[in-house]
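First the structure, in the form of structure tokens, and then the observations on it.
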Amino acid sequence: MLARRGHRWQAGRSKDDWRAELRATVRDLPGLCRLLDLDPRLAAAGAAAAERYTLRVPKAWLDLIERGNPEDPLLLQILPTEEEMQRSPGFTQDPVGDQSAQVTPCLLNKYSGRALLLVTGSCPVHCRYCFRRWFPFVAGLNHRLNAAQAIGQLARRSDVTEVILSGGDPLLLNDHSLQTLLTALDGLPHLKRVRIHSRIPITLPRRIDARLCRILREGRKPRVLVVQTNHPSELGEEALAALARLQANGVRLLNQSVLLRGINDDAIVLHRLSEQLFEAGVMPYYLHQLDRVLGSAHFEVPPEVCAQIDSKLRATLPGYLVPRLVVEKPGAPGKIAFDQAGQGPCLLD
Ligand SMILES: *Cc1c(COP(=O)(O)O)cnc(C)c1O
Ligand code: SF4
């Protein structure tokens, strides 16, 4: 009797494991402070910010945070704080011009040769500096009609050679929707690759299960996955295993990081990150200057410090492990390299 019950539980667990983990994300700030042995005054201080953009943190992420440490680099990425409520000049709700690039509700035309498909507004983690934290996703994303409309547009766009699935986190789509979408994209002759921008190997590593791996492996076009890792502590055992599964199934892996004050604004930390990413089969790609989204000014790293970090990384790492320090400018057809000639600030006007 006992054995049978145990067996049933096991079977259910392996099938929909990641969904249970997704449902169990922590969304209550006092609860988070209790779980992590943090001063309850932090909860009071962050209450208004959490009201404006909710706290959301999955267990895999929580497990990597050091208990009782208010400065933990993973905690600082997800903890709502009073500082978010400050207004700062130049920080806006749509810092990278997403809304003016909308062709259909989920298709953005921003970069030459590439199209962005925002396939869902949800994400298992809410990064406090997320540049899409104000994006009006609720206007009916994540349904078949929008996807079909976007595919119809893409079929007429022979200039587009790469589609980037973005969001939210695109790997929150269920297997069926994802497979349908990828099959439709595979059918567009002018597309050379499909790229997925997802933090899920880190935030919800169980999502990278056998069925998802099969869907990715069986696609006709090369799959590239760009993960976001900002600090070496994010590369825990589960995340490393998820990345290894993706790699074993033919997915090419790149990483982007955002330079964040008090979290990774340190060449030694980023040097370690590049080395550990390489060990995990992930090539460092971009190091982004913060997009100036409303509520994130306290994360911004001054341009002189960005330049110093960049020089130190170039001096201490092989060139292929140095992520490119870049800035996103609304209306530009691609990323702009951070100006080594010392004109950093003018890129941020
Ligand atoms: C830069 C950027 C892209 C396009 O990436 P490339 O690698 O430059 O083609 C897509 N999505 C977001 C959010 C970006 O910032
Ligand atoms: S993982 Fe990406 S989409 Fe999700 S909240 Fe963070 S920055 Fe935004």
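With Cα atoms defining each centre, region 78-140 and region 237-298 are spaced 19 Å apart in the structure. Here the contact order of the chain, divided by its residue count and restricted to Cα pairs under 8 Å and six or more residues apart, works out to 16 percent. Take the Cβ atoms of residue 244 and residue 27, set R0 to 30 Å, and the FRET efficiency comes out at 0.50. Using the alpha-carbon positions of region 27-121, Rg (one decimal) and Dmax (whole number) come out as 17.2, 49 Å. Three semi-axes describe the equivalent ellipsoid of region 124-230; taken as square roots of 5 times the Cα gyration tensor eigenvalues and ordered largest first, they are 22, 18, 13 Å. For the pair residue 316 and residue 39, the difference between a 0.36 nm per residue extended length and the Cα-Cα distance amounts to 95.9 nm. About its Cα centre, the dipole of the chain is roughly 1680 debye, where the only charges are +1 on Lys and Arg Cβ and -1 on Asp and Glu Cβ. Here's the picture: charge each Lys and Arg Cβ at +1 and each Asp and Glu Cβ at -1 in the chain, and of 136, 210, 81 the one pushed furthest to the positive end of that dipole is 210. Each 10 Å bin from zero up to the one holding the largest Cα-Cα distance in the chain carries the following percent of pairs: 5, 24, 34, 27, 9, 2, 0, 0. Peptide packing: for 293-301, 92-100, 62-70, 109-117, the average count of neighbouring Cβ atoms within 10 Å per residue gives the ranking 293-301, 109-117, 92-100, 62-70, highest mean first.
Within region 54-207, antiparallel bridges make up roughly 35 percent of the DSSP beta bridges whose residues both belong there.
Here region 198-349 has an Rg and Dmax of 16.3, 49 Å, counting Cα atoms alone. Partner lysines whose Cα lies under 22 Å from the Cα of residue 329, excluding those fewer than 8 positions away in the same chain, are identified as 110. Considering region 78-124, its Cα convex hull presents a mean projected area of 5.0 nm².
Beta bridges from DSSP with both residues in the chain: antiparallel share about 25 percent, rounded to the nearest 5.
The relative contact order of region 123-273, computed from alpha carbon pairs under 8 Å that lie at least 6 residues apart in sequence, is 20 percent. Remark: the chain carries 46 Å² of accessible area per residue (probe radius 1.4 Å; ligands, DNA and RNA excluded).
Pairs of Cα atoms under 8 Å, at least six residues apart: use those to get the relative contact order of region 34-98, whole percent. Averaging sequence separation for qualifying contacts and normalising by length gives 41 percent for region 34-98. Helical content alone sets the calculated 222 nm signal of the chain at -11000 deg cm²/dmol, taking -39,500 (n - 2.57) per DSSP H segment of four or more residues and averaging over every residue.
Bridging of residue 192 to aspartates and glutamates at a Cα separation below 19 Å is possible for 159, 162, 218, once same-chain residues fewer than 8 apart are set aside.
The values are calculated or read from the model by the stated rules, or taken from the named source; none is laboratory data. Model, not experiment: these values are computed from the prediction. No Cβ is skipped: glycine too gets one built from the backbone with ideal geometry, and neighbour counts run over all protein chains shown. Surface areas here come from the heavy atoms of the whole protein model, side chains and all, with no ligands, DNA or RNA. Shrake-Rupley method; radii C 1.70, N 1.55, O 1.52, S 1.80 Å.
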